[in-house]
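Written below as structure tokens is the structure these notes are about.
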Amino acid sequence: MRRRSETYKIVTKKELAPKEKLFEVEAPDIAAKALPGQFVIVIIGEKGERIPLTICDYDRKKGTVSFAFHEVGKTTKELGLLNEGDCLENLTGPLGNPSEIKNYGNVLCVGGSIMIAPLLLQVKAMKEAGNRVTTVIGARIKDVLFMEEEAKAMSDQVYVATDDGSKGYKGLDFLKEVLAKEKFDRCIAMGPVVMMKTVSDITKPFGIPTIVTLTPIMVDGMGMCGVCRVTVGGKMLFGCVDGPEFDGHQVDFDELIHRQRLFLPEERVVSELWELEQGGCKCGRSKA
Ligand SMILES: Cc1cc2nc3c(=O)[nH]c(=O)nc-3n(C[C@H](O)[C@H](O)[C@H](O)COP(=O)(O)OP(=O)(O)OC[C@H]3O[C@@H](n4cnc5c(N)ncnc54)[C@H](O)[C@@H]3O)c2cc1C
Ligand code: FES
């Protein structure tokens, strides 16, 4: 257990895309144990909320872990304002179960939006385990797509897709043709819940085991509060200690989407109040 006097210094800050950042943070205890698929819980300040973020890299020698985040609400926006040299109040981890990495044969890895960053850690591990890896990276529009070169360097084949077709394929429907031509032994999908549901629906008729990373609302991340309940194969499980990875063909995605949106009105108010405090909001009004 780390003492509070020890700091979690941000050693690298990278802008991946507008509102999407990657931090490399000094955390030797976490770096020593971290594995692909696990996550950390970040606390920014003394009164800050706990936000779970997936580990997208670790360096055991340097004693650092990296995570990438999308600025969606108050805490992630505050996090985005921190800079290299700043310290986090606390970082807990590694949490959750590591991914099952072994030689499956032919693996399809699909990453959407900010989760492209942690997906590439799995791509790397799957390659090192001897798999042939096809990677799909997707985003809403081409301007927020990142790490294409990194994906190409690690994978045997890369496809790019955007929701509006501004780069690569339009949507993920093209995957049906890919799967009809080539046999895959495993699929990994990480990204927005709707995207993981779409990928699971596409792979199901082909009988490809599909692993998704679920992101229910979490508090402690250690199996104590029950907030992160998800239904998988008709059973109630905890996202934090039973996951975060689950069989995508068994997940009740509709329930997950509903539960993720439970606090949306409150989250919007908190985020807009915070923006006003910062001196402006989306409508362009200034603080004064
Ligand atoms: C295991 C796990 C791994 C995750 N990995 C990543 C990642 O690598 N990168 C990334 O950008 N995001 C990731 N998330 C989602 C991230 O935790 C939320 O976006 C973040 O907590 C939002 O906080 P906020 O205060 O900025 O936004 P808020 O305004 O509080 O919330 C915005 C939305 O984020 C979700 N959310 C809010 N609080 C939590 C919470 N405590 N736990 C989970 N979801 C929450 C809700 O759906 C909510 O509607 C992950 C979530 C989980 C559970
Ligand atoms: S976050 Fe509390 S039980 Fe999973």
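FYI, it's all coordinate maths here, none of it is from the lab. Keep in mind that what you see is a predicted model, and the values were worked out from it rather than measured. Here the Cβ is made from the backbone with ideal geometry for all residues, glycine too, and neighbour counts use every protein chain on show.
Worth a mention:
- Where the alpha-carbon atoms of the range 105-211 are placed on the principal axes, they occupy 33, 29, 23 Å, in descending order.
- Inter-part distance where the range 1-78 and the range 201-265 are each reduced to a Cα centre, Å: 22 Å
- At R0 = 25 Å, FRET efficiency that the Cβ-Cβ distance of Glu149 and Glu15 yields, to 0.05: 0.95
- Inter-label distance for Asn103 and Val269, nm, one decimal - labels placed 7 Å from Cα along Cα-to-Cβ: 5.8 nm
- Residue of Ala68, Ala129, Ala31 that the Gaussian network model of the chain assigns the largest fluctuation, springs spanning Cα pairs under 10 Å: Ala129
- Fraction of beta bridges assigned by DSSP in the range 159-243 that are antiparallel (%, nearest 5): 45 percent
- Estimated inter-spin distance, Val219 and Lys77, nm [label 7 Å along Cα→Cβ]: 2.5 nm
- Mean-square fluctuations from a GNM of the chain, with a 10 angstrom spring cutoff on Cα atoms, peak among Ala151, Ala32, Ala180 at Ala180.
- Straight Cα distances below 23 angstrom link Lys102 to the lysines Lys33, Lys124, Lys127, Lys152, Lys183, Lys204, with same-chain residues fewer than 8 positions distant left out.
- For the chain, with +1 on Lys and Arg beta carbons and -1 on Asp and Glu, the positive-most of Leu22, Leu82, Met147 along the dipole: Met147
- A dipole drawn for the range 102-237 from +1 and -1 charges on Cβ atoms has a positive end, and of Pro118, Asn131, Val219 the residue lying farthest that way is Asn131.
- Antiparallel bridge percentage (DSSP; both residues within the chain; nearest 5): 60 percent
- For the range 8-95, a simple Cβ point-charge model (Lys and Arg +1, Asp and Glu -1, everything else neutral) yields a dipole of about 140 debye relative to the Cα centre.
- Taking the inverse of the mean 1/r over every pair of distinct Cα atoms in the chain gives a Kirkwood hydrodynamic radius of 19.6 Å.
- Highest mobility in the GNM of the chain, judged by mean-square fluctuation with C-alpha springs under 10 Å and restricted to Leu35, Leu119, Leu179, is found for Leu179.
- Around the Cα centre of the chain, unit charges on the Cβ atoms of Lys, Arg, Asp and Glu (plus for the first two, minus for the last two) sum to a dipole of about 160 debye.
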